[in-house]
Amino acid sequence: MATGRRLLFLWLLAAGVAGCARHETPVAAGDREQVLYRSLGYEVPSLDPHLAAGIAEQDVASALFEGLVDEDPRDLHPIPGVAESWTVSGDGLSYTFRLRPDARWSDGAPVTAQDFIDGWRRVLTPSLGAENAGMLFALRGAEEFHRGGVPDFSGVGAEAPDAHTLRATLGRPDAGFLSMLSHPAWFPVPLRVIAGAGPPYGRGNPWASPGRLVGNGPFTLQSWSPDEAIVVVKSPTYWDAARVRLAAIRFYPTDSVNAEELAFRAGQLHVTDAIPVDRIDAYRRDNPGFLRVDPYLGTYFYRLNVRRPPLTDPRVRRALSLAIDRRAIVARILRGEQTEALSFTPPGIGGYAPPNGRTADFDDARRLLASAGFPGGRGFPSLELLYNNSENHRAIAEAVQETWRRELGVGVRLANQEEKVVLSDRQTGDYDIVRSAWIADYADAASFLDIFRGNNGNNQTGWSNPSYDALLDAAAASKAPVERDRLRREAEQLLLDEAPILPIYHYNHVYLLRPSVHGWYPTLLDHHPYKFVWLGDSAQGQSPAP
C-alpha cells in the first residue's frame, strides 16, 4: 500500500475511533500536552545528519542535533548554539569559537571541539558519499582533502587548542560562513558511538536508529517506524532545556498532499508540508486562518541527464526549456502566488539580480529541435519524466508532458516513485528527466549556483563546464560586491544557455498551520527552530524573542 494511502487510513481510522468515543483529537491533546504533530513530505532515508540531503531529513536532524550556531526564529540570523561566543580575525579568515562547558550529548558525555572536527572529517571523507560535502570546502584545504590531493586531515583548517575552543580557518573570506554552520553538514557527531555500530566513514552504519542514536540537540529519538512516524522527545541533557517548551514532536511522512489535508481537517496534524493546489482557493475563502503562504528561497525544476542521447545536445535541452509554459503552470495549477522561474536563482538574494531568462517560445523551440535532427519531433525517442509521489507534482508533470506533445511532437512517459527511490535513481544517474527542487542552505546566490559545479555532489546531471566553475571561483575570490555579482550572472547565463536543468517556478511555501502553534514565523528558508516553538490557545501572543 502506498505510503500516503496507508497513513491516510491510519489517521482517519484514529479520527473515527476518537469521534465515536467522544475523545479529543491528537491536535487537541497535543495542544494540552505540548506535542507537535507535523507532516513531512516523504519518508526520510536516514537520520544521520551528515547524510541529510533533503528538506525532510534536515527538519528532523535540527531537532536531534545542534551546531556551533543556532538560528533566530524570526529572521534566522546566527545566534549562539553550542558555541557561546566567537571572534573573527581582521582578515576574515579565522573564526575562533568558545564552546559551552555545559553542552552535553544525550548520553551525558560532554560535547567537545574534537567532536566537531571528527564530524567535519567524516563529511569530507569520500567513502561516506556525503552529498553536502561541498559546503565544507569553505575550510582551507578541505576540497583538497576530499579530492585526495591532501591525504592528511591536519592540512584542513580545523583545530582544537583545547576541549572547548575550536578554530576554523577559511580558504577565503566568506560573509555567509556563520549562517552555513546551522546546516547539518557542519553538525558534530559522537564518533565513538558511530564506530561502535560499524565503519564510521561508510554508508549503511546503523548508529542513527532508535536505541543507538546519540545527539546533542533539544530532542532525542524515541522511536522511528518507517512509513509511519518518527517521534522525538525533549532531551534532559540539552544545555538550554529550560527554554524548550515542546515535550515531543511526532513527524509523519506522507507522499500524498490529499492525505495530509484530510488528516489536518480530522485534527491529526498541526502543520502540513503542503496543500493540494485545488484546495487553496477554498481555504482562502472559508478558512483563511489555517492557510499560510510564506516566502521561500527555493526553485522547482527538472534535472536532465545530459549523458543520455538526445539530451546530450544542448539544442534539444533548450528546446524543451522554451516549450514549458511556466506562466500557465503558476496561474492555472499552483495558485499560491509562486512566480515563473526564468533563472535558477530566485531574484532578490542579497541584492543579486539573476540574468533574464526566456519565457515560452514554441516557434523557437521547434526550430531548435529541427536543427538537432528532430523536425516536428520525428525520430525523437520516448523519454521518461520521473517524479516523487505527489498529486501536485503529477499535475505539473502532466501539463509539461501535454505541452511538449502538442508543441514539439515529443512523447514523454510519466513515472512516479517514492522519494527514496527517486533520490537513489538521481544519485546513480538512472533517469532521463527528474523532478527536483533546491532550497537555499543559506541566503546567498552561491547556495544555488555552486551545486552545478562539475565536482559538486548535488549536481547529478552529468553536466560540467570548466568556464562555469572558473567564473564562480573568481566570484568567490572577489571582494567587490558588484564584480562578484557580475561574475555570478555570467556563470548563471552559461547554465541557462546549456540547460542541464529546466527551472519551472520559484517557491512560496503554501501549507496549513493551526493557530495554536506559536513561535512559527515566516522565514526565507522555512526553518523553524523547535526550541522556540510551543503550543497554546490561538488567542495567545507569540513567544518572546530569544
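Read-outs: derived from the displayed coordinates by stated rules, not from any lab. Keep in mind it's a predicted model, so treat the numbers as computed, not measured. Note that each Cβ is placed from the backbone with ideal geometry, even for glycine, and that neighbours are counted across all protein chains shown.
To the nearest 500 deg cm²/dmol, what mean residue ellipticity at 222 nm is calculated for the chain from DSSP H runs of n ≥ 4 alone, each contributing -39,500 (n - 2.57), summed and divided by the residues? Show your work: numbers first, answer last.
Numbers: 16 runs with 162 residues, N = 546.
It comes out at -8500 deg cm²/dmol, rounded to the nearest 500.
Pull out a ≥ b ≥ c, the square roots of the eigenvalues of the alpha-carbon gyration tensor of the range 201-321, then state rounded if a/c is under 1.5, prolate if not and a/b is larger than b/c, and oblate in the remaining case. Numbers along the way, then the final one.
Working: a/c = 2.44, a/b = 1.29, b/c = 1.88.
Oblate shape, in that a/c is at least 1.5 and b/c is the bigger or equal ratio.
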Once you put a point 7 Å from the Cα of ASP363 and another 7 Å from the Cα of PHE153, both along the Cβ direction, what distance in nm separates them? 6.1 nm
Which of the three applies to the chain, rounded, prolate or oblate, going by the alpha-carbon gyration tensor with a ≥ b ≥ c and a/c under 1.5 meaning rounded? oblate
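Figure the gain on full extension for ARG265 and ASN455 (residue separation times 0.36 nm, minus the Cα-Cα span) and round it to one decimal in nm. Before the final figure, lay out the partial values.
On the way: separation 190, 0.36 × 190 = 68.40 nm, distance 4.53 nm.
Using 0.36 nm per residue and subtracting the Cα-Cα distance, I get 63.9 nm.
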In the range 234-266, whose amide N lies under 17 Å from the spot 7 Å out along Cα-to-Cβ of GLU398? List them in ranges. 256-259
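Assuming R0 = 35 Å, what is the FRET efficiency of ARG332 and GLN222, from their Cβ-Cβ distance, to the nearest 0.05?
Values: r = 44 Å, r/R0 = 1.25.
Efficiency, from the Cβ-Cβ distance: 0.20.
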The set of residues whose placed amide H lies less than 5 Å from the amide H of VAL189, leaving out same-chain residues fewer than 5 positions away, is GLY119
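Report the calculated FRET efficiency for ALA109 and HIS77 (r = Cβ-Cβ distance, R0 = 45 Å), to the nearest 0.05.
Details: r = 30 Å, r/R0 = 0.67.
Given R0 = 45 Å and the Cβ-Cβ separation, E is 0.90.
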Each label sits 7 Å from Cα toward the beta-carbon; between ALA163 and ASP102 the label points are separated, in nm, by 1.7 nm
Over the chain, calculate the relative contact order: mean separation of alpha carbon pairs under 8 Å at least 6 apart, over the residue count, as a percent. 20 percent
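Would you mind giving the three semi-axes, in whole Å and largest first, of the ellipsoid equivalent to the range 296-508 according to its Cα gyration tensor?
Details: eigenvalues 142, 72, 61 Å².
Three semi-axes, in Å: 27, 19, 17.
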Sites GLU84 and ARG308, calculated FRET efficiency, Cβ-Cβ separation with R0 51 Å, nearest 0.05: 0.50
Report the paramagnetic label zone for ARG413: residues of the range 354-396 whose backbone N is under 14 Å from a point 7 Å from Cα along the Cα-to-Cβ axis. 381-387
Tell me the label-point distance for the pair ALA480, ARG243, using the 7 Å Cα-to-Cβ offset, in nm and rounded to one decimal. 4.1 nm
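How far, in nm, would the chain grow between ARG284 and HIS23 when pulled straight, counting 0.36 nm per residue and subtracting the alpha carbon separation? Before the final figure, lay out the partial values.
Numbers: separation 261, 0.36 × 261 = 93.96 nm, distance 2.94 nm.
Taking ARG284 through HIS23 to full extension adds about 91.0 nm, to one decimal.
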